[in-house]
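One structure below.
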Amino acid sequence: MTAMTTTAMTVLPIPDETSAPFWEAAREGRFLIQRCPETGRYQWYPRAHSIHAPHATPEWVEASGRGELLSYSVVHRSNTRGDPYTCALVRLEEGVTVFSRIEGIAEGSLRAGLPLAVAFHRLDETISLPIFRPPSIAGGSDA
Amino acid sequence: MKYLSGKTAIVGAYESPRRDAPRVHPFALQMECILGALDDAGLALTDVDGLCAASGDWAEGGGTMDVIELAEYIGIQPTYVNSTDVGGCSYILQAGQAAAAIAAGLAEVVVISYAACPRWWPLSTPSFDPFVFPAGPGQYEIPYAPTLISTYGLFARRHMDLYGTTPEQLAQVAVTFRGHAAANPQARLRKPITVDDVLASPMIASPLHRLDCCVVTDGGGALVMTSRERARDLKRRPVYLAGYGAAVARTQNSQIPDDLTTPAALSGPRAFAMAGMTPADIDVAQIYDAFTITPMLALEDLGFCGRGESGPFVEAGTLAADGGSLPTNTDGGGLSSNHPGKRGIFTLIESVRQLRGDAPGIQVPDAKVALAHGLGGTFCSAATAILAV
């Protein structure tokens, strides 16, 4: 993976007690989401409680990493170096929606419903940031 | 909330004509606006016992104790304060809460004030802004560098995919409001534009072009509210708060609902229920227009058109003061008149002017009921006021 696509991603996430398992798994190239132990329903983003049963503690499960493009916006003018880049909402197979970046698709080819798969950019020794690409090139992960 | 309907009134309103205020601290601009609104009402600073402000955001001059900082600066010790910050519609929410405070006897004369000077403000966005803070929920989004405009772009793109909305329909919103701004000598941009002009302007964050985006100006405004009884004795025709509603929804992009419902779908019905009215009762509307998609979603959530129908609705010229059935953003709105950052107060001020018949530009004849609606952040919050004379 070239550094080109990561130049705008200079703000590192601040992991906490709740999110530590997510970022640990991301370092290993696995994308975790949360599931409610009482209702079996998934949730994103991760929280210390289940939004479906507020007294329950969610459990971590590995998502398939596959999904489809729900919506996107290509940023042409921003205060961040590295544009254009594509911000997107991705609907995971498990039914939750995540916000991420899309890479590996020309702007003119972007359309809702495109199949996507997760890949990871290793930003430093603790943070590997998930992004999404067409499944055919998702193996290019540098996590 | 029905008991609150008509219990209070806006008795003074002032919008600064400034669009550039170089080296003017936002508190100094607020003082201009507060004195302007009090003069309009025929009241003095010593009459004020309530202060509403949300002045702790970027380019607004204050910090986390903004309402104290502002009270100190202007030199009053109000017994009722409210600094609830829900973004651009904060001042509409505060008007509703001020009405409750007045009706409950917490205050008699409440000033709602706002100013910001983004054109010269030298400091960067504070690290506690939820749109830059990469901790908690933001740790899963901020590293991807979303911009405010790209999030509106996500809404606009999905609206196009779900409902067939076109870039031309989005552009028509900007064209219509520019037409209104042409008559407003205070408006930042007054030269008429075409749909083609909008589509030919540079892409900022797809599908939004530069002319799909609001202007960035310095500016400010203030309102004075009091009880129905006290309002009768003052010099201007009272503009009664007939209806009010507010709601909050989300800050994270991952929580955007599939069908793009925004919290306006809660604030609007609450306001109409309190007023005992429906969208058909509205003579003139001021609807927050940070971007062209912004008022379109509001029109759907407020019930002026059906879900997904805002494209054809705006394309038909419905919002135009000249011949449209719902004259909207008669001052030119944020797209053409002014947008210092939290434009909600101007939707109230222009509503008051329309109902009193003293608008600076286009004047809708014989308007009796006005709707002022705003949102905060990226459809994160919403507040709706229905004003009547």
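Across segment B:256-265, a minimum of one residue is classified as within 25 Å of A:Ala112 (Cβ to Cβ) and without any contact (Cβ under 8 Å) to a residue 24 or more places away in the chain. B:Ala242 satisfies every condition listed in (1) within 23 Å of the chain's Cα centre (by Cα); (2) more than 14 Å from chain A (Cβ to nearest Cβ); (3) under 21 Å from B:Leu319 (Cβ atoms) except (3).
When B:Pro238 is tested against the conditions (1) crowded, with 21+ Cβ neighbours inside 10 Å; (2) closer than 23 Å to B:Ala298 by Cα; (3) of a type outside the set (Phe, Trp, Tyr), the lone failure is (2).
Among the candidates B:Gly317, B:Gly303, B:Gly245, B:Gly334, the residue that is touching a strand residue (DSSP E or B) at 6+ places or on another chain (Cβ under 7 Å) and of a type outside the set (Lys, Arg) is uniquely B:Gly245. Please tell me if B:Gly317 is more than 28 Å from B:Arg236 (Cα to Cα), surrounded by fewer than 24 Cβ atoms within 10 Å (Cβ to Cβ) and within 13 Å of the chain's Cα centre (by Cα). When the stated conditions are applied, B:Gly317 does not pass them. Count of segment A:110-130 residues, restricted to those that are part of a loop (DSSP other than H, G, I, E, B) and either without any contact (Cβ under 8 Å) to a residue 24 or more places away in the chain or touching an Asp or Glu at 6+ places or on another chain (Cβ under 7 Å) (or both), is 4.
Being at the interface with chain A (Cβ under 9 Å from one of its Cβ atoms) and surrounded by 16 or more Cβ atoms within 10 Å (Cβ to Cβ) is a property that holds for B:Thr147. Here A:Glu62 meets the list (1) at pLDDT 95 or above; (2) facing chain B (nearest Cβ under 9 Å) almost entirely, failing just condition (2).
Looking for whichever is in contact with a Pro (Cβ under 7 Å, 6 or more places away or on another chain) and either without any contact (Cβ under 8 Å) to a residue 24 or more places away in the chain or closer than 30 Å to B:Gly42 by Cβ (or both) here; the options are B:Thr217, B:Thr194. Which one fits? Testing whether each residue is in contact with a Pro (Cβ under 7 Å, 6 or more places away or on another chain) and either without any contact (Cβ under 8 Å) to a residue 24 or more places away in the chain or closer than 30 Å to B:Gly42 by Cβ (or both) leaves just B:Thr217.
Screening B:Val195 on (1) within 19 Å of B:Ala98 (Cα to Cα); (2) surrounded by fewer than 22 Cβ atoms within 10 Å (Cβ to Cβ) shows it passes everything except condition (1).
Based on what the data block shows, is A:Val118 hydrophobic (A, V, I, L, M, F, W, C) and at the interface with another protein chain (Cβ under 9 Å from one of its Cβ atoms)? No. Residues that are assigned to a helix (DSSP H, G or I) and either within 11 Å of chain B (Cβ to nearest Cβ) or surrounded by 22 or more Cβ atoms within 10 Å (Cβ to Cβ) (or both) within segment A:96-109 comprise A:Glu107, A:Gly108, listed in sequence order.
Within segment B:105-117, does at least one residue satisfy the condition of being part of a loop (DSSP other than H, G, I, E, B), buried (at least 21 other Cβ atoms within 10 Å of the Cβ) and in contact (Cβ under 8 Å) with a residue 12 or more places away in the chain? Yes, that holds for at least one residue.
A quick yes/no check of all residues on (1) surrounded by fewer than 20 Cβ atoms within 10 Å (Cβ to Cβ); (2) among the aromatic types (Phe, Trp, Tyr); (3) under 19 Å from B:Glu32 (Cβ atoms):
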| site | (1), (2), (3) |
| --- | --- |
| B:Leu51 | no, no, yes |
| B:Ala54 | no, no, yes |
| B:Glu60 | no, no, yes |
| B:Met65 | yes, no, no |
| B:Ala71 | yes, no, yes |
| B:Ile76 | yes, no, yes |
| B:Thr79 | yes, no, no |
| B:Val86 | no, no, no |
| B:Cys89 | no, no, no |
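Only a single criterion out of (1) of a type in the set (S, T, N, Q); (2) exposed (fewer than 15 other Cβ atoms within 10 Å of the Cβ); (3) without any contact (Cβ under 8 Å) to a residue 40 or more places away in the chain is not satisfied by B:Thr125, namely (3). Scanning segment A:65-85 for residues that are basic (Lys, Arg) and within 9 Å of chain B (Cβ to nearest Cβ) yields a single hit, A:Arg77. Each residue in segment B:150-192 was checked for being among the aliphatic types (A, V, I, L, M) and either surrounded by fewer than 19 Cβ atoms within 10 Å (Cβ to Cβ) or within 14 Å of chain A (Cβ to nearest Cβ) (or both), and 7 pass.
Scanning segment A:6-44 for residues that are out of contact with any Gly (no Cβ under 7 Å at 6 or more places or on another chain), in contact (Cβ under 8 Å) with a residue 40 or more places away in the chain and within 26 Å of A:Gly82 (Cβ to Cβ) yields A:Thr6, A:Met9, A:Thr10, A:Leu12, A:Pro13, A:Pro15, A:Trp23, A:Ala26, A:Arg27, A:Gly29, A:Trp44. Considering B:Glu108, B:Glu141, the condition of being within 14 Å of chain A (Cβ to nearest Cβ) and touching a strand residue (DSSP E or B) at 6+ places or on another chain (Cβ under 7 Å) is satisfied by B:Glu141 alone. Of everything listed in (1) surrounded by fewer than 24 Cβ atoms within 10 Å (Cβ to Cβ); (2) more than 30 Å from B:Asp20 (Cβ to Cβ); (3) hydrophobic (A, V, I, L, M, F, W, C); (4) at pLDDT 95 or above, the single unmet condition for B:Phe133 is (4).
Screening B:His159 against (1) modelled with pLDDT of 95 or more; (2) farther than 23 Å from B:Pro207 by Cβ leaves a single unmet condition, (2). A single entry from B:Ala41, B:Ala13 fulfils the requirement of being in contact (Cβ under 8 Å) with a residue 40 or more places away in the chain and under 18 Å from the mean Cα position of the chain (by Cα): B:Ala13. Looking at the structure I just gave you, is B:Leu335 out of contact with any His (no Cβ under 7 Å at 6 or more places or on another chain), within 19 Å of B:Gln172 (Cα to Cα) and assigned to a helix (DSSP H, G or I)? Yes. Against the conditions (1) within 14 Å of chain A (Cβ to nearest Cβ); (2) touching a residue at least 40 places away in the same chain (Cβ under 8 Å), B:Ala101 satisfies every one except (1).
Please find, among A:Ala112, A:Ala88, the residue that is closer than 17 Å to B:Ala145 by Cβ, within 11 Å of chain B (Cβ to nearest Cβ) and of a type in the set (A, V, I, L, M). Outline the logic, then answer.
Values: A:Ala112 fails: closer than 17 Å to B:Ala145 by Cβ.
The conditions single out A:Ala88.
The values are calculated or read from the model by the stated rules, or taken from the named source; none is laboratory data. The shown structure was predicted, so the numbers you read here are calculated from the model rather than taken from an experiment. Here Cβ is always computed from backbone atoms with ideal geometry, including for glycine, and neighbour counts include all displayed protein chains.
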